Amino acid sequence: MYSARDWQVREMRIVFINPSLRPDAKRRQLPVGLAYIMTAVKRAGFEFDLIDMDINDLSMQDLEDMLGKTMYDVYAFGCIVTGFRLVRQIAEIIKTVNPVSTVIAGNSVATSVPEILLQNTKVDIAVMGEGDVTIVELLKAIENGKNIEEVQGIAFNRNGKIVYTLKRSVIPKLDDIGFPDWELFDLDKYYEYSTANVNVFSRDNVISFPLNSARGCPYRCTFCYHVFKGEKYRKYSAGKIVEEINRLHNKYNCDFISFWDELTFPSIKSVELLVDELNGLDFQFSWDAPVRGDLLKMEHVGLIRELKNVGCDNLAFSLESASPEILIAMNKKLRVSQFVEQAKALWEGGVTPLTSIVFGYPQETPETIKRTLDVCEECNIYPSVGFLLPLPGTPIYEWAKDKGHINDEIEYLSRIGDRQDFHINLTSMSDDEFVDLVTNGLQELARKLGLQLESVYKTGTYKAPEKR
């Protein structure tokens, strides 16, 4: 599996695969994490192919047919942990067509459950955490027939025993790694989804790109998992961010930036710094970003107007629940009054507020469901809605295991998917009562806000309610 074989006399053949996690979705987002990984590999001098299952609507059978035509030495792909079943299928296909190949997996499926991944799939190596440096060192080690145990930040299966190498430190200064090379992808196909990929309320059609301006999050919500969890929050400098905005505009005619972060603005100061930099641009564009629900107050309406003037179309921030008890259980460190004030301040300043909520914590009741939806109505926001989906590596996942809600981890990981779909019930309500309460409440909220939605859960892109 790790032998150099004849690679020293011929070029090692590498293929990256972009799985399709939501094949029926109306959006097709450029894969930011994979883009960083492939860009790092390209800069290191490796050549490779890409099979983009998502943008090309490829089935597993299509993948098997394609892989059967070309033999590669290394197959690499990543996926969030809710796509565990897809990872298992893809690895199985790879080993069927090429049993002696090396299969590498990354993202949260590798970081949160490396042992389960390596013992229950045909994946050979898990790249854990930040992969930009790890993937390059790993490919060099494989190519040169060196001991991969010297590569930090990976796990692999050696004769039935999982071997973990030393933990890799995160990249301290993001400015040093730059931004992805988007020409590695078929941009003409992604352009077809440019407008659908974003919630844009200031214009009808856009050319949108994601821009990762920060990695990690300084907060520790009990339901949230990402590969940077527990690591220091890091952010590109405002100057570097604007440099990339210039590049995307000049090279691709990009006129809408979606900041692809867990948290774009950790403080008011960070907002002011970016506003100052954006004021220096000689072109107009629009953008959105995720923020905390307690970042902006009524005293910041002037700053919000400045944000609007430099293109801010909307800001998304999570309420999650209007129940103080549930917010404490989530470790959200947010008061409902702060959320309400920020929503009203944004409306006042001319920036559309968006939010997300999660139903299904053990403390959830018919009353807490109603209260959460009432707050959304008060703020004139139709939320992105999800049912609680306990993820490995989170306190709520351990709670669910301890209480017997998750007895077979492989079975659970193999059946879960989108958070908008109901998968598990940790409340004291019956499944039917719980789902009906949420569904009926959302239908009523949509009616009150004057929205006509194909689905109250999978809303995709929709028109925002008018300011009231």
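Specify the residue that is nearest to the chain's Cα centre (by Cα); the eligible residues are those in region 311-346 that are hydroxyl-bearing (Ser, Thr, Tyr) and in a loop (DSSP other than H, G, I, E, B). Break it down into steps so the answer makes sense when it comes.
Initial filter on region 311-346 (hydroxyl-bearing (Ser, Thr, Tyr)): 318, 321, 323, 337.
Remaining after also requiring in a loop (DSSP other than H, G, I, E, B): 318, 321, 323.
On the way: Ser318: 15, Ser321: 21, Ser323: 26 Å.
Looking at residues that are hydroxyl-bearing (Ser, Thr, Tyr) and in a loop (DSSP other than H, G, I, E, B), I get Ser318.
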Worksheet item: Would region 256-270 turn up any residue that is of a type in the set (Lys, Arg), within 25 Å of Thr394 (Cβ to Cβ) and at pLDDT 95 or above?
Response: no
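If I filter region 347-388 down to residues being among the polar types (S, T, N, Q) and either outside the structural domain of Arg305 (by TED's automatic domain parsing) or assigned to a helix (DSSP H, G or I) (or both), which single residue comes out as surrounded by the fewest Cβ atoms within 10 Å (Cβ to Cβ)? Full working, then the answer.
Of the residues in region 347-388, the ones among the polar types (S, T, N, Q) are 352, 355-356, 363, 365, 368, 372, 380, 384.
Restricting the remaining residues to those that are either outside the structural domain of Arg305 (by TED's automatic domain parsing) or assigned to a helix (DSSP H, G or I) (or both) gives 368, 372.
On the way: Thr368: 19, Thr372: 26.
It comes out as Thr368.
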Discussion item. Looking only at region 272-310, filter to residues that are within 22 Å of the chain's Cα centre (by Cα) and aliphatic (A, V, I, L, M); which one of those is surrounded by the most Cβ atoms within 10 Å (Cβ to Cβ)?
Written reply: Ala289
Worksheet entry | Residues (without any contact (Cβ under 8 Å) to a residue 60 or more places away in the chain, in contact with a strand residue (DSSP E or B) (Cβ under 9 Å, 6 or more places away or on another chain) and part of a loop (DSSP other than H, G, I, E, B)) located in region 241-289 | Cys254, Asp255, Asp261, Glu262, Leu263, Thr264, Pro266, Phe285
Response to the item:
When restricted to Ser318, Ser337, Ser323, the only residue assigned by TED's automatic domain parsing to the domain that holds Asn440, polar (S, T, N, Q) and surrounded by fewer than 19 Cβ atoms within 10 Å (Cβ to Cβ) is Ser337
Discussion item. Just the residues that are more than 24 Å from Phe223 (Cα to Cα) and in contact with a strand residue (DSSP E or B) (Cβ under 9 Å, 6 or more places away or on another chain), please, taken from region 307-320.
Written reply: Leu307, Val310, Gly311, Cys312, Asp313, Asn314
Worksheet item: Counting residues that are more than 24 Å from Tyr190 (Cα to Cα), which helices (runs of 4 or more DSSP H) fully inside region 23-138 reach at least 3?
Response: 84-97, 108-111, 114-120
Fill in: Residue list for region 406-427, filter: touching a Phe, Trp or Tyr at 6+ places or on another chain (Cβ under 8 Å), part of a loop (DSSP other than H, G, I, E, B) and not β-branched (Val, Ile, Thr)
Arg419, Gln420, Asp421, Phe422, His423, Asn425, Leu426
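Is it true that some residue in region 205-215 is surrounded by fewer than 18 Cβ atoms within 10 Å (Cβ to Cβ) and either touching a Ser or Thr at 6+ places or on another chain (Cβ under 9 Å) or within 24 Å of Tyr382 (Cα to Cα) (or both)?
To start, the set of residues in region 205-215 that are surrounded by fewer than 18 Cβ atoms within 10 Å (Cβ to Cβ) comprises 205, 207.
Next cut, either touching a Ser or Thr at 6+ places or on another chain (Cβ under 9 Å) or within 24 Å of Tyr382 (Cα to Cα) (or both) only: 205, 207.
Yes: one or more hits.
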Worksheet entry | Yes/no for Ala91 being small (Gly, Ala, Ser), on the phi < 0 side of the Ramachandran plot, surrounded by 17 or more Cβ atoms within 10 Å (Cβ to Cβ) and touching a helix residue (DSSP H, G or I) at 6+ places or on another chain (Cβ under 6 Å) | no
Worksheet, complete the sentence: Of (1) under 21 Å from the mean Cα position of the chain (by Cα); (2) surrounded by fewer than 18 Cβ atoms within 10 Å (Cβ to Cβ), Glu244 fails just (2)
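Go through Tyr457, Tyr397 for me and flag whichever is outside the structural domain of Ser318 (by TED's automatic domain parsing) and either within 19 Å of Cys221 (Cα to Cα) or touching a strand residue (DSSP E or B) at 6+ places or on another chain (Cβ under 7 Å) (or both). Full working, then the answer.
Working: Tyr397 fails: outside the structural domain of Ser318 (by TED's automatic domain parsing).
None of the others qualify; the one that does is Tyr457.
Show me the strands (runs of 3 or more DSSP E) found entirely inside region 146-212 where at least 2 residues are more than 19 Å from Arg43 (Cα to Cα) and under 21 Å from the mean Cα position of the chain (by Cα).
Values: elements: 154-158, 161-164, 208-211.
Filter on region 146-212 gives 208-211.
The values are calculated or read from the model by the stated rules, or taken from the named source; none is laboratory data. Since the model is a prediction, treat every value here as computed from it, not as a measurement. For neighbour counting, all protein chains shown are included, and Cβ atoms are generated from backbone atoms with ideal geometry for every residue, glycine included.
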